[in-house]
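Structure first, commentary second.
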Amino acid sequence: MVQKHKDWTREEHILAFNLYSKIPFGSIHMNNPKVIELAHILGRTVGSASLKLSNFARLDPALQARGIRGMSHGAKGEEEIWNEFSNHPEELVFESERLLANRLGQSIEKVADVETNDLPATGIEREATVRIRVNQSFFRSRILSAYNFCCCVTSLNIQPLLTASHIIPWAEDKENRLNPRNGLCLNALHDRAFDRHLMWIEDDFVIRFSPKLYKASSASKETFEWLTKFDGSHLFLPKKFQPDSEFLKRHAAKCLSKI
């Protein structure tokens, strides 16, 4: 039954935030099948679900800078969930996927599309590993959708070749593991160069490569030329969740220290 003029609950806000995080901003409209599915799950009108998703935009600094603010005030619940994610991201992400799984009558592993073949059958170890993989899968969905499923260096849009790269590695900054502003959508080769400190992004979002790469052998000339031809180019920036300049500075400093 479709609800009309009924206050949104905390659970409904979490489920809306989950979808907002996973789809490109430009696809938040009433004809999007995912928005229609969310409305069905919540028992609300498609227009109500679409408006709720749009209102989360008013809390995104990157969208605010572009003058996209949703309704002038929005709802308190949106701010509460946005702040809860900022303060307790791993807990809220897992809760959002668990709630979605419950609503769909599916396992959380299936909803989050995580690999389970190598997991222990039962027990604490399995639960801990599932939690990590669910959160990592959420981060990947969030980053790839923010960049509209295109590499931010090359604009390559073949999804199996794309990676949600952490600017500050997962192991080095627990607080920002799931922060979308700590992510870049890169193709597998440039992701490897970025991770090995052979590529960095300057303050003005200009792409740079380490001089070490220019020692490539003639046998790999074509690959090397393709890899480095983007030196001096500007990063393709997402419409939402723009990368944090402070994270980029930290990464660039480490790259420069290794030259």
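The mean sequence distance of close C-alpha pairs (under 8 Å, at least 6 residues apart), as a share of the length of the chain, puts its relative contact order at 17 percent. Counting beta carbons within 10 Å around each of Thr129, Thr122, Thr154 and listing the fewest first gives the order Thr122, Thr129, Thr154. Positive contributions from Lys and Arg (+1) and negative ones from Asp and Glu (-1), summed over other residues with Cβ under 15 Å from the Cβ of Gly77, come out at -2.
For the stretch 165-206, the set of GluC sites (Glu not before Pro) satisfying both a DSSP loop assignment and a count of at most 13 other C-beta atoms within 10 Å is given as Glu172.
All other residues whose Cβ lies under 15 angstrom from that of Ala188 are scored, Lys and Arg at +1 and Asp and Glu at -1, for a net of +1. Between Leu104, Tyr214, Gly43, the Cα set farthest toward the positive side of the dipole of the chain (charges on each charged residue's Cβ, about the Cα centre) is that of Tyr214.
Efficiency by 1/(1 + (r/R0)^6): what FRET value for Lys174 and Glu37, r their Cβ-Cβ distance, R0 = 41 Å, to the nearest 0.05? Once rounded, the FRET efficiency stands at 0.80. The candidate values were (i) 7, 33, 41, 18, 1; (ii) 7, 28, 32, 21, 10, 2, 0; (iii) 7, 29, 29, 19, 12, 3, 0; the one computed from these coordinates for P(r) over Cα pairs in 10 Å bins from 0, in percent carries the label (ii). For Glu91, what charge total do you get from the other residues with a beta carbon under 11 Å from its beta carbon, if Lys and Arg give +1 and Asp and Glu give -1? Net charge around Glu91: -1. State, as an integer percentage, the relative contact order of the stretch 147-257 based on alpha-carbon contacts under 8 Å between residues 6 or more apart. Normalised by residue count, the contact order of the stretch 147-257 is 32 percent. Take the residue pairs Lys221/Lys254; Lys22/Lys229; Lys174/Lys254; Lys22/Lys249; Lys22/Lys240 and return only those whose Cα atoms are more than 22 Å apart. Those over the limit are Lys221/Lys254; Lys22/Lys229; Lys22/Lys249. The charge dipole of the chain, taken about the Cα centre with unit charges on the Cβ atoms of Lys, Arg (+1) and Asp, Glu (-1), comes to about 520 debye, rounded to the nearest 20.
Close amide H pairs (under 5 Å, H built 1.01 Å from N) link Leu156 with Cys151, residues at least 5 positions away or on another chain. Neighbour counts of C-beta atoms inside 10 Å place His29, His190 in the sequence His29, His190, starting with the fewest.
Quarter the surface of the alpha carbon convex hull of the stretch 147-257 and you get the mean projected area, 7.0 square nanometres.
Identify the trypsin sites (Lys or Arg not before Pro) of the stretch 222-259 meeting these criteria: DSSP loop state and at most 14 other C-beta atoms within 10 Å of the C-beta. Taking the stretch 222-259 and a limit of 14 other Cβ atoms within 10 Å, the loop trypsin sites (Lys or Arg not before Pro) found are Lys229, Lys258. Of the trypsin sites (Lys or Arg not before Pro) found in the stretch 188-227, those in coil by DSSP whose Cβ has at most 13 other Cβ atoms within 10 Å are Arg196. Approximating the spin labels as points 7 Å out from Cα along Cα→Cβ, the Ile132-to-Lys215 distance works out to 3.4 nm.
Modelled label positions at Thr45 and His88, each set 7 Å beyond Cα in the direction of Cβ, lie 3.4 nm from each other.
Laboratory data are not the source of any read-out in this text; all were calculated from the coordinates shown. Here the structure is a predicted model, which means the values were calculated and not measured. For neighbour counting, all protein chains shown are included, and Cβ atoms are generated from backbone atoms with ideal geometry for every residue, glycine included.
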